[in-house]
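For reference, the structure is listed below as structure tokens.
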Protein chains: 2
Amino acid sequence: MGKTGILFDMDGVLYQGDTPIKGAAEVVQWCQHENIPFLFLTNTTSRPRTALKDKLADFGISITVEQILTPPVAACHWLQEHDQGSVALFVPKATGNEFDDLDIVDWQTTDTVGAIVIGDLGSAWDFSTLNTAFRLLMHQPRPHLVALGLTRYWQAEDGLRLDTGPFVKALEYASGQEAVVLGKPAKPFFTTALQLLGLSASNTLMIGDDIRGDIDAAQQCDIAGLLVRTGKFRPPDLLQGIAPYAILDSVADLPAWWQAH
Amino acid sequence: MGKTGILFDMDGVLYQGDTPIKGAAEVVQWCQHENIPFLFLTNTTSRPRTALKDKLADFGISITVEQILTPPVAACHWLQEHDQGSVALFVPKATGNEFDDLDIVDWQTTDTVGAIVIGDLGSAWDFSTLNTAFRLLMHQPRPHLVALGLTRYWQAEDGLRLDTGPFVKALEYASGQEAVVLGKPAKPFFTTALQLLGLSASNTLMIGDDIRGDIDAAQQCDIAGLLVRTGKFRPPDLLQGIAPYAILDSVADLPAWWQAH
């Protein structure tokens, strides 16, 4: 067996809200000391990686932004791998900065692109914007449709708000074209993580608290899933017909488990 | 066998664009003379029934508006049958008039309804409007989600434009709730037609030019489908694995076929 790497889910594994999981900082230090390649995977698109890095630093976890894989970063990598020419971004301004290395075009003044990227535009969505994305999609040859996740909605201060997923579904249905989704639980997100680590699926572990979004999704890509009993974990999760490769009480147990295997 | 009724598709069966199909007017007169119950079924929501009635009159076909079943009329009937209380309409103003018999509420000032109806709002769709529909849908008990068809897009003068379908799909995905679709090829549309005719499926024929939207859809409801070789009919349609109950060169052949059966 070659070198083994680790994909960490963040929220629920390393911390819960504003509280660190006991022992998480030591586990990351152990990875660094043992030269174990790792990446932190998150579906968060609302905050840049620098903000996530700062949050981890507050918990005593010191990493580089390159060790955090978010949907925009994965999408940018995927687009570079699938060299498709110009890209139209339907994403918030803050997210757009992650795409600086690509040939970004203004969708208000172009009618053919190689790819369109859909993110959480929120209240900037209107008929004209969605219809422009649709018309670009219908041009031959068809551009790629890249989605920064398929989250349905989120809880804002004034109530529920539609997230990226519903607008992606609208465009998929209208165009008859399936989106490439960069975000858990979609395969291209995990595949991109493996490429960035330079490891094969069989030499990688995914550690997460979500039986479906982390464990089942990783195992669909032949990555062994380690479920932790923290975060959103609930005992009935184990009755869903999904068998994690291993179950740990918390991420703090990882080094002991690792040495036993 | 009891009395038999007929459901007519309109465009492609009775006329093609602005040209009547030869013999169509005589077939409708034959139905009227023989006291055969019939309804005209169309997915058109952009024009009121009075306009469709006037168009038919120009072709020598004289019927009442009650003999035309459009998605808004079917939706109104379906909502009355499923007595759900107040209704929020996300439809164009012209379409809204068909719902005058229901308890319509202003969705800008309410947060609970018994049903929401989604039509082709076009450029009146914006984030706030779609999000309002979504929030209404998420209230417990869940209101009905009623769609005036699932058309993907249409050809406007300046290019393609998103129709009702993509917005319904966005709401279905966001809420996890399936829409009741009133429009071909969805079953509730045909079921409503049968209720209005007062006939059972086995005593009803559907005559249409669309092997999927008319023939297969009707036959899924146990209504015998008569395919005509006019309108959008193309010979490869017969290689789709769908067996129409009968195939006629045109609607003009209906009386002769009827008498032979």
Checked against (1) open to solvent by less than 30 Å² (accessible area, probe 1.4 Å); (2) under 20 Å from A:His144 (Cβ atoms); (3) charged (D, E, K, R), A:Asp83 satisfies every condition except (1)
Any idea which of B:Val181, B:Val228 is farther than 23 Å from B:Pro37 by Cβ and β-branched (Val, Ile, Thr)? B:Val181
Note on segment B:116-127: residues closer than 17 Å to B:Ile104 by Cβ and part of a strand (DSSP E or B) are B:Ile116, B:Val117, B:Ile118
If you scan segment A:10-26, which residues turn out to be more than 30 Å from A:Phe90 (Cα to Cα), open to solvent by 40 Å² or more (accessible area, probe 1.4 Å) and either touching a Cys at 6+ places or on another chain (Cβ under 8 Å) or in a strand (DSSP E or B) (or both)? A:Gln16, A:Thr19, A:Pro20
Report yes if some residue within segment B:230-253 is at pLDDT below 95, open to solvent by less than 20 Å² (accessible area, probe 1.4 Å), more than 14 Å from chain A (Cβ to nearest Cβ) and touching a Lys or Arg at 6+ places or on another chain (Cβ under 9 Å); otherwise report no. no
Within segment A:149-165, the residues that are farther than 17 Å from B:Asp126 by Cβ and open to solvent by 100 Å² or more (accessible area, probe 1.4 Å) are A:Arg152, A:Trp154, A:Gln155, A:Glu157
Qualifying residue in segment B:166-183 (condition: closer than 25 Å to B:Ile247 by Cβ, of a type outside the set (Lys, Arg) and in contact (Cβ under 8 Å) with a residue 12 or more places away in the chain): yes
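Residues are listed down the side, and each one gets a yes or a no for (1) touching a strand residue (DSSP E or B) at 6+ places or on another chain (Cβ under 6 Å); (2) open to solvent by 40 Å² or more (accessible area, probe 1.4 Å); (3) in a loop (DSSP other than H, G, I, E, B):
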| position | (1), (2), (3) |
| --- | --- |
| A:Phe8 | yes, no, no |
| A:Val28 | no, no, no |
| A:Cys31 | yes, no, no |
| A:Asn43 | no, yes, yes |
| A:Ser46 | no, yes, yes |
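Yes/no per residue for (1) in contact with a Lys or Arg (Cβ under 7 Å, 6 or more places away or on another chain); (2) crowded, with 21+ Cβ neighbours inside 10 Å; (3) at pLDDT 95 or above:
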{"site": "A:His139", "(1), (2), (3)": "no, no, no"}
{"site": "A:Arg142", "(1), (2), (3)": "no, no, no"}
{"site": "A:Val146", "(1), (2), (3)": "no, yes, yes"}
{"site": "A:Lys169", "(1), (2), (3)": "yes, yes, yes"}
{"site": "A:Val181", "(1), (2), (3)": "no, yes, yes"}
Wholly enclosed strands (runs of 3 or more DSSP E) of segment B:128-203 bearing at least 2 residues among the small types (Gly, Ala, Ser) and within 14 Å of another protein chain (Cβ to nearest Cβ): none
With respect to B:Leu52, is the statement that it is modelled with pLDDT under 95, open to solvent by less than 10 Å² (accessible area, probe 1.4 Å) and not in a strand (DSSP E or B) true? yes
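The values are calculated or read from the model by the stated rules, or taken from the named source; none is laboratory data. Note that the structure is predicted; figures quoted are calculated from it, not measured. Note that each Cβ is placed from the backbone with ideal geometry, even for glycine, and that neighbours are counted across all protein chains shown. When the accessible area is computed, the model is the full protein with side chains, heavy atoms only, and any ligands, DNA or RNA have been set aside. Shrake-Rupley method; radii C 1.70, N 1.55, O 1.52, S 1.80 Å.
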